[in-house]
1. Between helix 249-259 and the chain, what is the angle of the helix's C-alpha long axis to the longest principal axis, kept within 0 to 90° and rounded to the nearest 10?
2. Counting only helical runs of four or more DSSP H residues, what would the 222 nm mean residue ellipticity of the chain come to if each run contributes -39,500 (n - 2.57) and the total is spread over all its residues?
3. Expressed as a whole number of Å, what is the distance separating the alpha-carbon centroids of the stretch 379-404 and the stretch 155-230?
4. Using a 10 angstrom cutoff on alpha carbons, build the Gaussian network for the chain and name the most mobile of LEU101, LEU384, LEU146.
5. Using only Cα atoms, tell me the angle between helix 85-95 and the longest principal axis of the chain; keep it within 0 to 90° and round to the nearest 10.
6. Can you give the local net charge around ALA143? Use residues other than it whose beta-carbon is closer than 15 angstrom to its beta-carbon, Lys and Arg +1, Asp and Glu -1.
7. Looking at the stretch 211-299, which trypsin sites (Lys or Arg not before Pro) are DSSP coil and have at most 10 other C-beta atoms within 10 Å of their C-beta?
8. Please tell me the relative contact order of the stretch 65-129 in percent, rounded to the nearest whole number, where contacts are Cα pairs under 8 Å and at least six residues apart.
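Values quoted throughout were computed directly from the atomic coordinates according to the rules given, and no laboratory measurement underlies them. This one's a predicted model, so the numbers in the text were calculated from it and none came from an experiment. Cβ sites come from the backbone with ideal geometry, for glycine too, and all protein chains shown count toward neighbours.
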Amino acid sequence: MTKFTYIAIGHDRKPINGYTDQADRISVIATLTKQGLRPISIRETSSLKSKLSLDRLLNSNKVKGDHLVMMTRQLSAMVGAGVPLVRALTSLAEHSESPALKKIMIGVIKDVEGGAGLGNSLSKYPDTFNDVYVNMVRAGEAAGILDDILKRLASQQEKNSTIRKKIRSAMAYPTVLVVITVAAFFGLMLFVIPQIGKILTDLGGPDAKLPGITLFMLGISNLITGFWYILFPVIGGAVYGLLRYSKTPKGRGQLHTIILKIPGVRTIVKKIAIARFARTFSALMGAGVAVLECLSVTSRSIGNMVYEKALKDAAVEVKNGKPLSQAISENPLFPAIVAQMLSVGEETGQTDLVLVKVADFYEEEVDVAIEGLSSIIEPVMILLMGSMVGLIAASVMVPIAGLAQSIK
């Protein structure tokens, strides 16, 4: 919420000074107009601006997925029980465990009290309520089935959260191994290899002929120890530049294209994308959203720009009169089962129910694929660490064995 100071003209044509907490200037104007006041000056207070900037810097406005799921389920239960919307939102705001979510709910309540719809009020907080959430709420309000839509939203969020947690869990162990491997490599290159090289030189003399593997390891060590003040900033700058570039539209597109070509990983990414597409599209169709709008919203929620472009292309073909199942079947990114199930759904008028089965199937496939990838990654990382240690051991033992042979 943002604090605004205002000057308005009342019924007696006298200026009134005051302040209010609203989401934006439009909300301030709507609130004042509803009170019979004519605003002539509205300004955002600078003190609150700095506070909001600090909040963004500290990421204090981030709402956890678990809190959002709980809020959605509770709101669905209260609306389904006949509790007025404003009263339900007020109760949720008072008992929310998330300070960030509580602030957002207070802003939503003021907007709803001012006559705005719930979907339009939620759309002012895109970092918390994405396009899928907002469009489904709007559809639920229009059809008078808001409680049912909120139940679907909560279930969908729980499914997405479960997939994300499984992916993070599967990647935790390999990530730790990678960090340990990199740290061990630089530690050995900076502190161990130079000492070993000195010992070997002392034993064999300055004219001693060392094996190629030993010279290779000593060369890397000398490069790191001699130019670390250049090497580390260059590596850090390169990593930072790649991360920044990967966040640009062009960089994200290239990154997602590369990911879809990596063996093992591409299978999981494709199944996750199909599962998200099926569940999101199903939820929007079940809420009564038009097909083209469903495709537009779903394309932005998949999280992969290659699939986003594929769905946008499919939307163009659907707009030209082609069935969605046919447009999907012509794209190799989508398995044949998806097009077949879509075709059945179009013939029976139960596309949303059919796609739920597709989503359940591919989510189970994702679980199996993640477990399989985890079982492969662990021995591969151990093999890499063992190879590094073996390489260093060989670079030490081979010249020592050669020196021992020379002494004999």
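1. 60
2. Values: 18 runs with 306 residues, N = 408.
That comes out to -25000 deg cm²/dmol.
3. Comparing the Cα centres of the stretch 155-230 and the stretch 379-404, I get a distance of 13 Å.
4. LEU384
5. The answer is roughly 40 degrees.
6. -2
7. Numbers: sites: ARG244, LYS247, LYS250, ARG252, LYS261, ARG266, LYS270, LYS271, ARG276, ARG279; in loops: LYS247, LYS261.
Passing sites in the stretch 211-299 are LYS247, LYS261.
8. Details: 40 pairs, mean separation 15.3, N = 65.
Relative contact order for the stretch 65-129 comes out at 24 percent.
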